[in-house]
Amino acid sequence: MTDDQLIQVLQNCTVRLSVGGSIGTGFFVAPNLILTCAHVVKGAVPKPIHAFWPSQARTYVAEISQCLDDSNLDLALLRLLPDQEGVPIANQPWVDLDKSTPILEEALYSYGYPQSYPNGDSATFVYEGDSTGKSGSKLYKLKEGQVDYGLSGAPLLNQRTGKVCGIVNLSRQVTSDLGGRAVPSTVILEHFPELRDQSPFNSRTPLTNPFRPLAGQVDNPQLFFDRSQVISRIFETLNSGSSVALIGEREMGKSSILWALFQQAKARLQPPRQPIYLNLQLIYSEDEFYSELCEKAGMPDVRGRALQRALRDQRLLLLLDEVERIREESFTRQVREQLRGLAEGSNAPLRLVLAASMSLDRLFPDSYQEGNVSPLVGICLEEPLRAWDETTIRTFITARLEPTSIRFTASEIDQLIQGSQGKPKRLMQLCHQTFTSWQEQRQ
């Protein structure tokens, strides 16, 4: 499903709960079953629980099926009663509970009925990590979103998996966007095991192929896979005062890693540096290179000593993709020499990350003429980018197929492993073709 479709399905699964004069949120987790927070319905007896379902514009009466009145678990399962004519609800949707944990800094979406917007309101949060309640129960810690009165009991959607990963139950500050906390779906399933084998209402086969993008760099962090250790090592090297040469064959994902470094640089570089990404495939001469660098750095278009003076007070991380272009006739050795000069020293104006298909000493053979040493070899520590092994490929395929109802056969996976040779881009293309074949068979 697309993100818009997922959000629409989630909203259709939510209800506004009223107990006396207070309101809260709940959502369908199975036919006629609503999950909410225990504190939302704590005072229900002998008062009735009214569940207003906006997508049907109807109000139903619910009763408590199970209630875990714990300050940390804070869960209640409600059962809808038939309407006044004794007719049960028909075509009622429900959410799919997520058995996986969100990724750190992942954006999550919620929808509920806070007091300030009782007709429905969206909220987004960022997953900050796990939290432990007073009784030792696990919670998700959320930031950069507002948990207002009435949002308790709202589902927390992970758009990457298309599933609900938790239920909002605590606010860190109701009048600000400090965030809140949520009970994970894994905890929900642990205490309500009857929900584990509940088949999702909506088809698990997404409308879009999960194997994307097919070409170019991966610029969506939610689609990035497996290279977190490489990225961490590169930041460790940069923070130690050295530059990096990322070496790997084509279709290995070098461009995607450079873009991930660009996105994460401000948060992970110490001391901070302004990241600048240049794709040298789009730069055709030495003059264009310097002009683009100066423009991205917000400086006048200068060269030589004037460039050194202009960069004296700058602290930049220069990410160069397709660095092979620098060895062409339109670029002189002086470009590499100046890059080295600007990147030497612990407090140098530049720190470099170069992406290339071979080692720098092989890439620039002219550096050895007359006994010279390659200008960049001494300051760039090489980080080899290796092909994915069989375990990584299988894990990747499983992760991408998990939100769908399609599963590749063992024979198909073996063919994908052999055909891709561990190259992520090639694997993505082959998996896309295989998934499309499955879709066509089901039509």
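Every read-out reported here was derived from the displayed coordinates using simple, explicitly stated rules and does not represent laboratory data. Values in this document were obtained by computation on a predicted structure and should not be read as measured data. For neighbour counting, all protein chains shown are included, and Cβ atoms are generated from backbone atoms with ideal geometry for every residue, glycine included.
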Contact order normalised by residue count of the chain, Cα under 8 Å, 6+ apart, percent:
12
Pairs to check: K266/K425; K99/K138; K141/K254. Give those whose C-alpha atoms are more than 21 Å from each other in this structure.
K266/K425; K141/K254
Once the Cα atoms of helix 410-420 and of the chain are each reduced to a long axis, what angle between those two axes, in degrees from 0 to 90 to the nearest 10, is obtained?
30
So which GluC sites (Glu not before Pro) in region 220-287 are both in a DSSP loop and have at most 14 other Cβ atoms within 10 Å of their Cβ?
E249
Describe numerically, in nm with one decimal, the distance between label points set 7 Å from Cα along Cα→Cβ at Q421 and at D130.
4.1
Can you give me the P(r) profile for region 227-384? Cα pairs, bins 5 angstrom wide beginning at 0, each as a whole percent.
2, 9, 19, 24, 22, 16, 6, 1, 0
Could you tell me which trypsin sites (Lys or Arg not before Pro) in region 251-342 are loop residues by DSSP with no more than 10 other beta carbons within 10 angstrom of their beta carbon?
R312
Which aspartates and glutamates have a Cα less than 15 Å from the Cα of K163, not counting those fewer than 8 places away in the same chain?
D3, D4, D96, D98, E106, D197, E402
State the volume of the convex hull built on the alpha-carbon positions of region 3-195, expressed per residue in Å³ and rounded to an integer.
109
Using only Cα atoms and rounding to the nearest 10 degrees, what angle (0 to 90) does helix 254-268 make with the longest principal axis of the chain?
70
What's the exposure ranking of C380, C294, going from fewest to most Cβ atoms within 10 Å?
C294, C380
Summing -39500 (n - 2.57) over the DSSP H runs of n ≥ 4 in the chain and dividing by its residue number, what mean residue ellipticity at 222 nm do you reach, to the nearest 500 deg cm²/dmol?
-8500 deg cm²/dmol
Take I417, I247 and order them by how many other Cβ atoms sit within 10 Å, fewest up front.
I417, I247
Over region 3-195, what is the mean sequence separation of C-alpha contacts under 8 Å (at least six apart), divided by residue count, expressed as relative contact order in percent?
20
Quick one: Debye curve from the alpha-carbon atoms of the chain only, equal weights, vacuum; give me log10 I(q)/I(0) at q = 0.08, 0.09, 0.10 Å⁻¹ to two decimals.
-0.60, -0.72, -0.83
Solvent-free Debye scattering, log10 I(q)/I(0), computed from the Cα coordinates of region 257-324 at q = 0.12 Å⁻¹
-0.33
Over every pair of different alpha-carbon atoms in region 390-442, take the mean of 1/r and invert it; report that Kirkwood radius in Å.
11.1
For the chain, longest principal axis from Cα atoms; helix 390-401 axis from its Cα atoms; angle between them, nearest 10 degrees, is 50
Restricting to lysines and to Cα separations under 16 Å from K47, and discarding same-chain partners fewer than 8 apart, the set is none
